[in-house]
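Computed from the coordinates by the stated procedures, all read-outs in this text should not be read as laboratory data. Note that this is a predicted model, so its numbers are computed, not measured. Because the Cβ atoms are built from the backbone with ideal geometry, glycine has one as well, and the counts that use them run over all protein chains shown.
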Amino acid sequence: MTLYKPELTTAPKHGHKSLLYSEVVSDLNQLDSVDIAVLGIPYGSPYSIDEVTNDQTNAPTAVRQATDRAVRSIERYDFDIGGPLMDNQPIHMVDCGDIAADPRELGGHYDAAEAVVRKIIALGGMPLVIGGDHGVPIPVLRAFDSLGPITLIHIDSHLDWRQEVNGVTDGYSSPIRRASEMAHIGEIFQIGLRANGSARQEEVDAALAYGAHLITAHELHDEGAEAILSRIPAG
């Protein structure tokens, strides 16, 4: 298992340097504790060479830059939420930057992501992860193995239960299938399913056999969010 070290991440790039003007921290070993830690994981597990670098790899930077429009400083009063973002509480939020990828070792960034998330959890922090494509929850969820059982809530139009695509088992069509194989993952709620994606009957059958709660977009619209939320266990 890869152990945490500062060089697994690289500082946020371009323009606005951190999410919500949080403190940029390049070495989590310098902290005794943290409440929230932002981590960008730009790269998933590609199905083809075209997906090694694509628009999704720019998402962590784009999200950080967009938050400049949401809050200019955490202590300022926000009339949309009725107070400051952190409610004047002593919440320590840091931005760890992005997982660094090595083009000569395309799978190494998943190991690095898991190591960094484990370090955040060890510091008592909540990881706030920005992808990247939809494969990036896989190493993140692996790092939570000391905190189970976990109820997983997945909001998406697609099922994401493919066993493999082009021989790749940890890509963006497979995160919920991989999560279902983790001993610390319990109930799975998948909300907003609609139209068609990569799922076939086999994937639907596998999800139902696991006991996943499949909630379509039509069901959400017809019953309303409160009715759907009432099905999810408290906590």
* Asked: For the chain, modelled as a GNM with alpha-carbon contacts under 10 angstrom, which of ARG178, ARG194, ARG69 fluctuates the most?
  -> ARG69
* Asked: Do any chymotrypsin sites (Phe, Trp or Tyr not before Pro) in segment 72-140 lie in a loop, going by DSSP, with at most 14 other beta-carbon atoms within 10 Å of their beta carbon, and if so which?
  -> TYR77, PHE79
* Rounding to the nearest 20 debye, state how big the charge dipole of the chain is about its Cα centre with +1 on each Lys and Arg Cβ and -1 on each Asp and Glu Cβ. => 300
* Structure fact -> Ranking HIS109, THR169, GLY82 by how far each Cα lies towards the positive end of the charge dipole of the chain (+1 on Lys and Arg Cβ, -1 on Asp and Glu Cβ), the top one is HIS109
* Taking +1 at the Cβ of each Lys and Arg and -1 at the Cβ of each Asp and Glu, which of GLY125, THR61, PRO139 sits farthest along the dipole of segment 24-144 towards its positive end, judged by Cα position relative to the Cα centre? -> GLY125
* **Relative contact order of the chain, defined on C-alpha pairs under 8 angstrom at six or more residues apart (%)** => 21
* Net charge near ILE121: determine it from the other residues with C-beta under 14 Å of the C-beta of ILE121, scoring Lys and Arg +1 and Asp and Glu -1. => 0
* Counting other beta carbons within 10 Å of each Cβ, put MET86, MET126, MET93 in order, fewest first. => MET126, MET86, MET93
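Which semi-axes, in whole Å and largest first, does the equivalent ellipsoid of the chain have when worked out from the alpha carbon gyration tensor as the square roots of 5 times its eigenvalues?
The equivalent ellipsoid of the chain has semi-axes of 29, 24, 18 Å.
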* To do: Have a look at ALA207, ALA59, ALA183 and tell me which one the Gaussian network model of the chain (Cα, springs below 10 Å) gives the largest fluctuation.
  => ALA183
* Going by how many other beta carbons lie within 10 Å of each one, how would you line up ARG142, ARG200, fewest first? -> ARG200, ARG142
* To do: Could you give me the percent of Cα pairs per 5 Å distance bin for segment 148-235, shortest bin first, beginning at zero and ending with the bin that holds the maximum distance?
  => 3, 14, 25, 25, 19, 11, 3, 1
* Asked: What 222 nm value per residue comes from the helices of the chain, counting each DSSP H run with n ≥ 4 as -39,500 (n - 2.57) and dividing by all residues, nearest 500 deg cm²/dmol?
  -> -6500 deg cm²/dmol
* Could you please state, rounded to a whole Å, how far the C-alpha centre of segment 175-235 is from the C-alpha centre of segment 141-166? => 10
* Using DSSP to define loop residues, name the GluC sites (Glu not before Pro) in segment 1-88 whose beta-carbon has at most 11 other beta-carbon atoms within 10 Å. => GLU75
* To do: Identify which of LEU20, LEU147, LEU123 has the largest mean-square fluctuation in a Gaussian network model of the chain, with springs joining Cα atoms closer than 10 Å.
  => LEU147
